[in-house]
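The values are calculated or read from the model by the stated rules, or taken from the named source; none is laboratory data. Keep in mind the model is a prediction, meaning the values are calculated, not measured. Backbone-built Cβ (ideal geometry, glycine too); neighbour counts: all protein chains shown. Just so you know, the surface numbers come from the protein's heavy atoms only, side chains and all, with ligands and any DNA or RNA stripped out. Shrake-Rupley method; radii C 1.70, N 1.55, O 1.52, S 1.80 Å.
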Amino acid sequence: MRLKSLCKVGAAVMLCAAMILPAGCSSEHKDNTAEITVGSGDTLAEMTIQIGDETGKIRFKLFPEVAPKGVENFVKLAQSGYYDGKTIHRVVKDFMIQGGSLRGNGTGGTTADRTEVPRETSDRMRAYYGALGYAEDSEGINSQFFIVNNKNPFDIAKTEENIAADLEEYSERLTDADKKTYNDYLSKLRAAPEEVRAKYLSNGGAFSIDGNYTIFGQAIEGFDVIDKISAVEVSAGNAIDDAQGIESKPVVSVIIKKIEIAVIPTITETQATTTTRKTIRPSATTPAAESEGQPESVDTSASEEVSDEAPSKSE
């Protein structure tokens with residue numbers, strides 16, 4: 001269903017709770033840890049992507065309440081047509097896909113108003129499978145974004161146990177810097193609330209980048225398209241990954257045809273009392289095949305290095 005069609009029905013049918021409510025019924029779910037609902041006043045982005053000869057769509061709910069500057073920048077860039085024809089230049093399986101660079105190779109980009117967009121991190125927005133966030137380099141945020149494509153489950157409790165055991169067993173072999181790195185990560189794991197632990201275990205994601213990047217949206221439809229992009233053949237060609245021996249440049253062209261923005265119309269109290277009581281929920285896919293996606297030992301540093309480096313932009 002196209003966004004224009006969604007807007008037309010938005011005033012008549014609420015995509016929210018178990019009944020029609022006055023304007024703002026989705027306001028209590030302004031993060032991507034809770035069940036994702038779509039209701040009046042919500043902003044959606046529909047990304048049309050061509051993968052070789054195939055075309056598909058990914059629909060995201062944006063969260064201006066958590067990342068107002070980030071959402072504003074993305075919306076303005078999309079509405080200006082900036083993303084039309086840009087590439088997905090980087091695909092790292094079980095981590096993320098990245099696109100929106102000016103030159104199509106991970107270099108260049110701009111903010112919508114040519115002004116700085118601040119990093120807006122929040123423990124309300126996590127790097128779950130399907131999360132939409134901004135890549136960064138030494139100059140900060142511009143137009144480049146990433147989508148988390150790892151749907152393997154991440155067991156925070158088990159990872160806590162493994163790292164704590166490794167720290168104790170290998171303590172004498174580790175440098176002070178290594179000890180600090182793993183103790184900091186252990187603290188981060190221990191601080192995760194139960195609802196976050198449950199969602200990472202069921203949905204997967206990239207826990208290691210939580211709190212390091214602006215997450216401003218969450219996919220609600222089109223997970224099959226994310227998976228198709230993640231499955232494309234890749235080769236060397238992206239400097240940040242080449243340095244680690246990781247191939248991440250798509251062999252086939254993956255093009256962002258366009259990104260459309262829509263705001264679900266606000267329904268008035270009068271409209272709510274005369275509207276057919278009907279519930280429509282986004283057809284978000286529940287990830288199926290999953291595995292941890294995080295190192296269990298202090299010796300497996302390669303995957304951690306990928307997560308810590310990315311998402312970033314080539315200089």
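What accessible area, in Å² to the nearest ten, does a 1.4 Å probe give for V66?
20
With θ taken as phi - 60° and the coefficients 6.51, -1.76 and 1.60, list the Karplus ³J(HN,Hα) couplings across segment 240-253 in order, rounded to whole Hz; mark glycine and proline as x.
3J(HN,Hα) across segment 240-253, in whole Hz: 4, 8, 4, 5, 9, x, 10, 8, 9, 8, x, 6, 8, 6.
Roughly speaking, what % of Cα-Cα pairs in segment 200-246 are separated by over 18 Å, rounded to a whole number?
55
Please calculate how many Å² of accessible area segment 166-268 carries per residue, with a 1.4 Å probe and no DNA, RNA or ligand atoms counted.
48
Which pairs break 20 Å Cα to Cα here: K57/K86; K76/K228; K30/K199?
K76/K228
Check each of the GluC sites (Glu not before Pro) in segment 126-226 and keep only those in coil by DSSP with at most 14 other C-beta atoms within 10 angstrom; list them in order.
Sparse-neighbourhood loop GluC sites (Glu not before Pro): E139.
Please label the shape of segment 186-274 as rounded, prolate or oblate, based on the square roots a ≥ b ≥ c of the eigenvalues of the alpha-carbon gyration tensor (a/c under 1.5 means rounded; beyond that, a/b larger than b/c means prolate, else oblate).
Judged from the Cα gyration tensor, segment 186-274 comes out oblate (a/c at least 1.5, b/c at or above a/b).
List the GluC sites (Glu not before Pro) within segment 50-92 that DSSP assigns to loop and that have no more than 16 neighbouring Cβ atoms inside 10 Å.
In loop regions of segment 50-92 (DSSP not H, G, I, E or B), the sparsely surrounded GluC sites (Glu not before Pro) are E65.
Given labels modelled 7 Å from the Cα in the Cβ direction, how far is it in nm from D178 to T55?
Calculated label separation equals 5.3 nm.
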